[in-house]
Amino acid sequence: MGKKIYITESQLDYIIKNVDLLNEQTSRSQTQTFNLNTTFESGKYKEHDLSQPETDKVVNSILAFVKKYPNAKFKVTIEASESKVPNPAGFEESGSLAKARANTIVKYLQLKLGDVSKRIEIVPVIKVGTTEWDTTKGKDHIDYRREQYIQGKIEIVGSAEILPWDNFKIYKDAIHAWFWYKKPEDKTFTQSSMVDQCKTSPSGSDAGSYAQAKGSCATANVLEQMKKAGIVSGSLTQEELIKVTGMNKFQGEGVFKSKEAVNLTGEKFFQALKSSSIGGKVRRTSTKPTKPSI
C-alpha cells in the first residue's frame, strides 16, 4: 500500500489557488515571444531594409528554443500591424505595407533557419488598427504608434515525424558530388566526413571511378545503409543510383540534372528520387519493423 500524505487546510487552499498559475507557467515554457519593432525604418519593407542584427537575434532565439525540443514541430507567427496613417505610394490598400513587411521577415527566417525550418511552420498575420486617421493628431500620435508593430511568437504544435531519409544527404555541383550518411543518433552531417570520406567524383575519366570512394559515405555504402533502413528496394543497384543522381559521366535526371548546385536531404532527397526512373524502388518510410519501446 502506498504512503498517505496529510496536508493542512491552508496547504490545500494554496494548491487550489495556484493550480491555474502552475498550468500557465507550464504553457508559457512551451511558447516564446519576440519583438520585431525595430526591424524596419518608416515606410521600408524590403529585405535589404531589414535591421539584420535585430532579426538575427530573433533567429538565434528561435534556434535556441527549437534545440530544447528536438522531437517537436513548431509554429512561428509573425504578426505585423499598421495604423490608419496613410501609407507611402504603392501601398494605398489597407494592410498592404504590414503584409509586405511580414512576408519579408518570413522569407528571411526560412533562409536563416536552414534545415530546422522543415519542423517549423511560419505564418504571417496581418492587422490594421481601428483608430481613424485625423490630420490634427499627426502621424506620430500615440494612438497610431501603438497600432504600428511587428511581433512574433513560437509555439509547440505537435511531434515531428522523424524520417529515415533525414539521415541521408546529397550535394553536387558542376565539378564534385558527395553523398552523406549519418547515424540516426547523430544530429548533424559532419564537414570532416564530407572531406575525408564522402567525395565520389572521379579522379579521371574512367566510368567505373565512382567505386574509388571509400568510407561510410561512399556511394555503395550509402546505398547499403538505405537498404538497411528499408527505404529502397534490395534490387536497387549502385549504377542505377549513380545514373539518376548524375555522378561522374552521367548527366542525372530531374533536379539532379541541374547545372546549379544541388543540396538535398530528408524529404526533398526522397521526393527527387521518387520522381525519377528509380521511383518505384524508393519508399518514404521504412518497411523494417520497429522495436517496441520498453
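Structure data summary
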{"read-out": "Selection from region 140-180 of residues that are more than 19 Å from the chain's Cα centre (by Cα), outside any strand (DSSP E or B) and closer than 29 Å to L109 by Cβ", "value": "Y144, R145, R146, E147, Q148, D173"}
{"read-out": "Among residues of region 82-92, those that are among the hydrophobic types (A, V, I, L, M, F, W, C) and surrounded by fewer than 17 Cβ atoms within 10 Å (Cβ to Cβ), counted", "value": "1"}
{"read-out": "Filter result (part of a helix (DSSP H, G or I) and either touching a Cys at 6+ places or on another chain (Cβ under 7 Å) or in contact (Cβ under 8 Å) with a residue 40 or more places away in the chain (or both)) within region 114-133", "value": "D115, V116, K118, R119"}
{"read-out": "Per-region count, region 119-149, residues surrounded by 17 or more Cβ atoms within 10 Å (Cβ to Cβ) and under 30 Å from G266 (Cα atoms)", "value": "4"}
{"read-out": "Qualifying residue in region 93-113 (condition: assigned to a loop (DSSP other than H, G, I, E, B), of a type in the set (G, A, S) and either buried (at least 18 other Cβ atoms within 10 Å of the Cβ) or outside the structural domain of N263 (by TED's automatic domain parsing) (or both))", "value": "yes"}
{"read-out": "Output for region 94-113, where each listed residue is among the hydroxyl-bearing types (S, T, Y) and either in contact (Cβ under 8 Å) with a residue 24 or more places away in the chain or within 15 Å of N263 (Cα to Cα) (or both)", "value": "S94, T104, Y108"}
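The values are calculated or read from the model by the stated rules, or taken from the named source; none is laboratory data. Keep in mind that what you see is a predicted model, and the values were worked out from it rather than measured. Cβ: placed from backbone, ideal geometry, glycine included. Neighbour counts: every protein chain shown.
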